Amino acid sequence: MDFDPVFSDDGDSAAASPGRSICHAGCGRPSRVCLCPHLPPSPIPTSTTVVILHHPHALRRNPLSTLPLLERSLSNLHLLPGRRLLPSSTPLLPPPSPNPVLLLYPSPGAADLASWCRSTPPSARASPTLLLIDGTWRQAKEMHAASLPFLSSLGVIPVALPVDSGVDGDSMFESELVVKKEPHKGCMSTMEAVARALRLLEPEGKGEEIEEAMLGVLRTMVAFQAEHLQNRTVKPRVKMRKKKELKREELQSNARLM
């Protein structure tokens with residue numbers, strides 16, 4: 001959603017290519033845009049358990065995915081590859097208990113997360129589990145629908161961050177936090193969504209510090225990518241021509257030679 005709300009991130013023209021130096025021991029990005037100096041010195045502990053169901057292609061086919069950065073930023077984070085949640089996920093998603101399980105996804109019945117935090121006593125929202133779905137918008141919609149039967153059995157509370165579907169989203173040249181052009185105002189990368197949610201869910205004061213640390217990494221990533229795109233020389237595409245058109249030109253040329 002990479003909510004990628006639903007968090008998604010699509011391809012990176014600065015992605016790794018054969019022969020390019022990669023920061024394998026750290027952020028996994030090309031060495032010239034390494035983000036390791038901007039990551040927290042050690043993963044940040046949180047009272048919130050963050051669980052992200054991500055599409056199997058999210059990491060392999062999406063070099064702009066923010067999941068690797070999230071994994072190096074938070075200690076209480078768990079990535080689940082798959083197209084739906086299954087009962088085998090229960091060690092990370094406990095059955096109904098005093099600790100709430102929140103699904104951060106912009107469904108019609110989702111409550112505004114800030115409003116939910118204000119109306120819920122601190123004791124009733126202590127040590128929550130925050131569940132997100134990561135993929136393209138289409139993938140996330142399918143993953144959400146496929147997971148609903150299991151989620152219903154857990155008593156999951158659907159929540160969302162504000163999204164304005166009537167207004168186009170920003171691009172990375174319009175916002176320092178947008179990884180790619182978003183379809184609607186309020187859509188964001190998975191990393192930004194987690195940061196915004198932890199600001200609200202973590203104990204007072206601590207949430208703001210965690211949010212700023214995570215957004216600092218994201219700002220640097222977006223700045224690197226924007227600079228790359230601005231300096232990139234785009235080669236003109238070779239016009240694709242249909243076989244029928246080429247055959248017709250060949251016949252006309254042969255006719256002139258006769």
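The values are calculated or read from the model by the stated rules, or taken from the named source; none is laboratory data. Every value quoted in this text rests on a predicted model; they were computed, and no experiment measured them. Every residue, glycine among them, receives a Cβ derived from its backbone with ideal geometry; neighbour counts consider all protein chains shown. Surface accessibility is based on the protein's heavy atoms, side chains included, excluding ligands, DNA and RNA. Shrake-Rupley method; radii C 1.70, N 1.55, O 1.52, S 1.80 Å.
To the nearest 0.05, what FRET efficiency results for Ser115 and Ser31 with a Förster distance of 41 Å applied to their C-beta separation?
Numbers: r = 44 Å, r/R0 = 1.07.
Efficiency for this residue pair is about 0.40.
With a ≥ b ≥ c the root eigenvalues of the C-alpha gyration tensor of the stretch 72-111, is it rounded (a/c under 1.5), prolate (a/b larger than b/c) or oblate? Don't skip to the end; give the middle numbers.
Values: a/c = 1.29, a/b = 1.22, b/c = 1.06.
It is rounded, given that a/c, with a ≥ b ≥ c, falls under 1.5.
In sequence order, what are the phi-derived ³J(HN,Hα) couplings for the stretch 138-146 according to the Karplus relation 6.51 cos²θ - 1.76 cosθ + 1.60 with θ = phi - 60°, rounded to whole Hz, with x for glycine and proline?
5, 4, 5, 4, 5, 5, 5, 4, 5
So what does His55 come to for accessible area, using a 1.4 Å probe and Å² rounded to 10?
20
Whenever you get a sec, line up Val217, Val156 from highest to lowest accessible area (probe 1.4 Å, protein heavy atoms).
On the way: Val217 0, Val156 30 Å².
Listed by decreasing accessible area, they come as Val156, Val217.
Leaving ligands, DNA and RNA out of it, work out the accessible area of Leu85 with a 1.4 Å probe and give it in Å² to the nearest 10.
Probe radius 1.4 Å; accessible area of Leu85 about 10 Å².
Taking 7 Å along the Cα-to-C-beta vector as the label spot, tell me the Ile22-Ala223 distance in nanometres, rounded to one decimal.
2.6
Once the convex hull of the C-alpha atoms of the stretch 79-152 is built, how many Å³ does it hold per residue, rounded to a whole number?
Working: hull volume 7.7 nm³, N = 74.
So the per-residue hull volume is 103 Å³.
Once label points are set 7 Å from the Cα along Cα→Cβ at both Ala146 and Asn254, what is their separation, rounded to one decimal in nm?
For the pair Ala146/Asn254, the computed spacing is 5.1 nm.
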